[in-house]
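Worksheet for the structure shown next.
The values are calculated or read from the model by the stated rules, or taken from the named source; none is laboratory data. Values in this document were obtained by computation on a predicted structure and should not be read as measured data. Virtual Cβ from ideal backbone geometry, glycine too; neighbours counted across all protein chains shown. Protein only, heavy atoms only, side chains kept; ligands, DNA and RNA dropped before computing areas. Shrake-Rupley method; radii C 1.70, N 1.55, O 1.52, S 1.80 Å.
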Amino acid sequence: MKYDSRVVERGKAYYKNNLVKYCIKFGDHLFGEVFGSELYRVKVDLKDHSSICSCPYRFNCKHGYALIEAYKNNNYIDGDEIFNNLKNKSKEELLDILKELVVKNYLWDYFVDVDSLIYRAIGIIKLIPIEKKHIFTLISFLRNCFVKNAKDEELLRVIVEMLKMDLDFNDSNIIEALTLILDEIFERKNKETIKKLVDLYKKNRKELWLVQDYLIENWDYLDEFK
């Protein structure tokens, strides 16, 4: 279950007390803002009801569930209809709207070639030596957003960035984060990616000792490594 009973209860209370500023359905997602200690931005995937929020809890929180409640109660705006209405506007009107949105909300990353998922992962990793609590943010991010959506090269990049930060690879939380990445790599069974992982392991045997366990466990189909 993505939301425990306490989160569900509080999410419903947030909705009933009109703390959902707005809820917009666009395609298979809900977008909205929900009041809490401050105003939080929330996104919900309607395919599995998972959510991401700008609050400290980040994933599948009460603010996300409050947005789901708004949707269940038909208290939302149809974003698809809004965009359909834009079709009737002139090119100049559309450009003015776009410029205002980009400048006001700092949306420049939409115009540069940046993969937001990998850069968010790197940003979280860089915070861990400063505040150890961010390892839990990383674990949650990897589990809920990153590993299933990342490219093979990006999975390896996370390991490289963890090495750069000189993290303690004997720490149980670091092991959990690394396990999430390794599970996905070996589940995909891309031998080229695994070869690159082996090369990385050979250079960092002390830190990446866990990789050896995966190689032994998957030895049967890794013929070229025998």
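Yes/no matrix, rows are residues, columns are (1) of a type in the set (D, E, K, R); (2) crowded, with 17+ Cβ neighbours inside 10 Å; (3) farther than 23 Å from C53 by Cα; (4) touching a Phe, Trp or Tyr at 6+ places or on another chain (Cβ under 8 Å):
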{"position": "K133", "(1), (2), (3), (4)": "yes, no, no, no"}
{"position": "F146", "(1), (2), (3), (4)": "no, yes, no, no"}
{"position": "F186", "(1), (2), (3), (4)": "no, yes, yes, yes"}
{"position": "N204", "(1), (2), (3), (4)": "no, no, yes, no"}
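Considering each of L142, L155, L163 in turn, give the residue that is at pLDDT 95 or above, touching a Leu at 6+ places or on another chain (Cβ under 7 Å) and open to solvent by less than 60 Å² (accessible area, probe 1.4 Å).
Details: L155 fails: touching a Leu at 6+ places or on another chain (Cβ under 7 Å); L163 fails: touching a Leu at 6+ places or on another chain (Cβ under 7 Å).
Exactly one residue qualifies, and that residue is L142.
Tell me, please, whether a residue that is in contact with a Pro (Cβ under 8 Å, 6 or more places away or on another chain) and not hydrophobic (A, V, I, L, M, F, W, C) can be found in region 160-168. Let's see the steps before the verdict.
Here is the first cut: in region 160-168, the ones in contact with a Pro (Cβ under 8 Å, 6 or more places away or on another chain) are 165-167.
Checking the rest, the ones that are also not hydrophobic (A, V, I, L, M, F, W, C) come to 166.
Looking for residues that are in contact with a Pro (Cβ under 8 Å, 6 or more places away or on another chain) and not hydrophobic (A, V, I, L, M, F, W, C), one finds at least one in region 160-168, hence yes.
Among the candidates C61, C55, which residue alone is crowded, with 22+ Cβ neighbours inside 10 Å and not aromatic (F, W, Y)? Can you show your working first?
Details: C55 fails: crowded, with 22+ Cβ neighbours inside 10 Å.
Result of the check over C61, C55: C61.
In region 75-82, is there at least one residue being in a helix (DSSP H, G or I), touching a residue at least 24 places away in the same chain (Cβ under 8 Å) and open to solvent by 90 Å² or more (accessible area, probe 1.4 Å)?
No.
Which ones in region 21-66 are in a strand (DSSP E or B), under 14 Å from the mean Cα position of the chain (by Cα) and among the hydroxyl-bearing types (S, T, Y)?
S51
Do we find a residue being under 21 Å from R143 (Cα atoms), without any contact (Cβ under 8 Å) to a residue 40 or more places away in the chain and outside any helix (DSSP H, G or I) anywhere in region 190-201?
Checked against the condition, which is being under 21 Å from R143 (Cα atoms), without any contact (Cβ under 8 Å) to a residue 40 or more places away in the chain and outside any helix (DSSP H, G or I), region 190-201 yields at least one hit.
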